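Here the structure is laid out as structure tokens; the discussion comes afterwards.
Values quoted throughout were computed directly from the atomic coordinates according to the rules given, and no laboratory measurement underlies them. It should be emphasised that the depicted structure is a prediction, and the values quoted were computed from it without experimental measurement. Here the Cβ positions follow ideal geometry from the backbone for every residue, glycine too, while neighbour counts run over all protein chains shown.
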Amino acid sequence: FRNNIDNLVWYEKNSNNQTQNVGTNGIGNLNLYDLLGNLYHFVIADITNIEAQNCIYKGACYMTQDLWIDQDYTMTIKKNIRNSMIGFRLVAT
């Protein structure tokens with residue numbers, strides 16, 4: 001998606017420093033919107049050994065620099081922290 005990043009990913013250069021409505025940017029190869037960008041994704045399970053009071057998040061968000069978008073970025077944040085850059089994806093079939 002590197003050649004078409006502005007049409008597939010909400011990130012620092014095209015998001016106006018805020019989250020965007022899902023489906024308002026292009027659809028990716030997996031027929032999903034916002035697969036990368038907009039919000040970091042909460043990861044319910046991971047092989048990483050982390051402390052119990054932390055949660056794991058991956059991906060990119062509306063404030064991510066373009067050079068980090070496809071680098072499988074992972075971060076941990078305390079469970080009691082609220083952050084406008086974190087969300088989750090729910091897919092119904």
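Bridge orientation summary for the chain: considering DSSP beta bridges with both residues in this region, about 75 percent are antiparallel. GNM on the chain, alpha-carbon springs under 10 angstrom: the most fluctuating residue among 38, 17, 29 is 29. Computed from phi, the 3J(HN,Hα) profile of region 62-79 under the Karplus parametrisation 6.51, -1.76, 1.60 (θ = phi - 60°) reads 4, 10, 6, 6, 4, 5, 9, 4, 9, 9, 6, 5, 10, 9, 10, 9, 4, 4 Hz, with x in place of Gly and Pro. Scanning residues 5 or more positions from residue 64 or on other chains, those with amide H under 5 Å from its amide H are 12, with H placed 1.01 Å from N in the peptide plane. Of all stretches in the chain that contain no trypsin sites (Lys or Arg not before Pro) in a DSSP loop with at most 12 other Cβ atoms within 10 Å, the longest one is 14-78. Given their separation in residues at 0.36 nm each and the Cα-Cα distance between them, residue 30 and residue 75 gain 13.8 nm when the chain is fully extended. For residue 15, what is the net charge nearby, where nearby means another residue's Cβ is under 14 Å from its Cβ and Lys, Arg count +1, Asp, Glu -1? Net charge around residue 15: -3. Between amide H atoms placed 1.01 Å from N, distances below 5 Å from residue 56 occur with 43, all of them 5 or more places distant or on a separate chain.
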